[in-house]
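Everything below concerns the one structure shown next.
The values are calculated or read from the model by the stated rules, or taken from the named source; none is laboratory data. Just so it is clear, the structure is predicted and the values come from calculations on it, not from any experiment. Heads up, the Cβs are rebuilt from the backbone with ideal geometry, glycines too, and the neighbour counts pull from every protein chain shown. When the accessible area is computed, the model is the full protein with side chains, heavy atoms only, and any ligands, DNA or RNA have been set aside. Shrake-Rupley method; radii C 1.70, N 1.55, O 1.52, S 1.80 Å.
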Amino acid sequence: QVQLVESGGGLVQAGGSLRLSCAASGRTFSTYSLGWFRQAPGKEREFVAAIIVSGGSTYYADSVKGRFTISRDNAKNTVYLQMNSLKPEDTAVYYCAASKLVGLSTTLARYDYWGQGTQVTVSS
């Protein structure tokens, strides 16, 4: 069992930056692939970024590629999402998720555990 708690969301102007953190409980954190997803009002939850167990491979949605960076610190049981050059369309609730499957996945159903989400609002 893994419990995930996101933090770091807030209100920022367009062009600004935020760093989201997701702290995990449980001794098996380092065995999970991790992902970030987001859900804007009236829209479905969508994939943002993913990182494998070792942190050696990452994958991004086209909409955030070059602006967002996912990383993990297995010693701290934490995954991060550095968000730069934020745009109003990045406004959403951001969720971290953990998957028992090896490898990167963009599919919600492949993630076993989810955090409660943190709100990111980007003003124009």
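Among residues belonging to segment 102-124 that are polar (S, T, N, Q) and open to solvent by 70 Å² or more (accessible area, probe 1.4 Å), point out the one that is farthest from Glu89 (Cα to Cα).
From segment 102-124, those polar (S, T, N, Q) are 105-107, 116, 118-119, 121, 123-124; that's our starting set.
Still in the list and also open to solvent by 70 Å² or more (accessible area, probe 1.4 Å): 116, 119, 124.
Details: Gln116: 21, Gln119: 13, Ser124: 10 Å.
Selected residue: Gln116.
Would you point out which residue out of Ala24, Ala14 is more than 10 Å from Tyr95 (Cα to Cα), in contact (Cβ under 8 Å) with a residue 12 or more places away in the chain, open to solvent by 20 Å² or more (accessible area, probe 1.4 Å) and among the aliphatic types (A, V, I, L, M)?
Numbers: Ala24 fails: open to solvent by 20 Å² or more (accessible area, probe 1.4 Å).
The unique qualifying residue is Ala14.
Can you confirm whether Gly42 is over 25 Å from Gln13 (Cα atoms) and open to solvent by 10 Å² or more (accessible area, probe 1.4 Å)?
Values: over 25 Å from Gln13 (Cα atoms): no; open to solvent by 10 Å² or more (accessible area, probe 1.4 Å): yes.
Spelling it out, it is not the case that Gly42 is over 25 Å from Gln13 (Cα atoms) and open to solvent by 10 Å² or more (accessible area, probe 1.4 Å).
Could you list all residues from segment 1-11 that are more than 14 Å from the chain's Cα centre (by Cα) and open to solvent by 60 Å² or more (accessible area, probe 1.4 Å)?
Taking segment 1-11 and keeping what is more than 14 Å from the chain's Cα centre (by Cα), we get 1-3, 10-11.
Gln1, Gln3, Leu11 - these are the residues of segment 1-11 that are more than 14 Å from the chain's Cα centre (by Cα) and open to solvent by 60 Å² or more (accessible area, probe 1.4 Å).
Surrounded by fewer than 20 Cβ atoms within 10 Å (Cβ to Cβ) and either closer than 23 Å to Thr28 by Cα or aliphatic (A, V, I, L, M) (or both): does that describe Ser63?
Values: surrounded by fewer than 20 Cβ atoms within 10 Å (Cβ to Cβ): yes; either closer than 23 Å to Thr28 by Cα or aliphatic (A, V, I, L, M) (or both): no.
For Ser63, the condition - surrounded by fewer than 20 Cβ atoms within 10 Å (Cβ to Cβ) and either closer than 23 Å to Thr28 by Cα or aliphatic (A, V, I, L, M) (or both) - is not met.
Pick out, from segment 1-93, the strands (runs of 3 or more DSSP E) lying fully within it that include 1 or more residues that are among the β-branched types (Val, Ile, Thr).
By residue number, 4-7, 10-13, 46-51, 58-60, 68-73, 78-83.
Restricting attention to segment 43-62, and to residues there that are among the small types (Gly, Ala, Ser) and modelled with pLDDT of 95 or more, which single residue is farthest from Leu108 (Cα to Cα)? So that I can check it myself, show each step before the final result.
Keep residues of segment 43-62 that are among the small types (Gly, Ala, Ser), which gives 49-50, 54-57, 61.
Filter again for modelled with pLDDT of 95 or more, leaving 49-50, 61.
On the way: Ala49: 12, Ala50: 11, Ala61: 13 Å.
Within segment 43-62, the match that is farthest from Leu108 (Cα to Cα) is Ala61.
Contact list please: Cβ distance under 9 Å, first residue in segment 106-121 and in a strand (DSSP E or B), second residue hydroxyl-bearing (Ser, Thr, Tyr) and loosely packed, with under 15 Cβ neighbours inside 10 Å, pairs at least six apart or on different chains.
Thr118/Ser7
Which of the numbered conditions does Cys96 fail, given that it passes all the others? Conditions: (1) open to solvent by 10 Å² or more (accessible area, probe 1.4 Å); (2) of a type outside the set (A, V, I, L, M); (3) within 24 Å of Tyr32 (Cα to Cα); (4) modelled with pLDDT of 95 or more.
Looking at each condition in turn, Cys96 falls short on (1).
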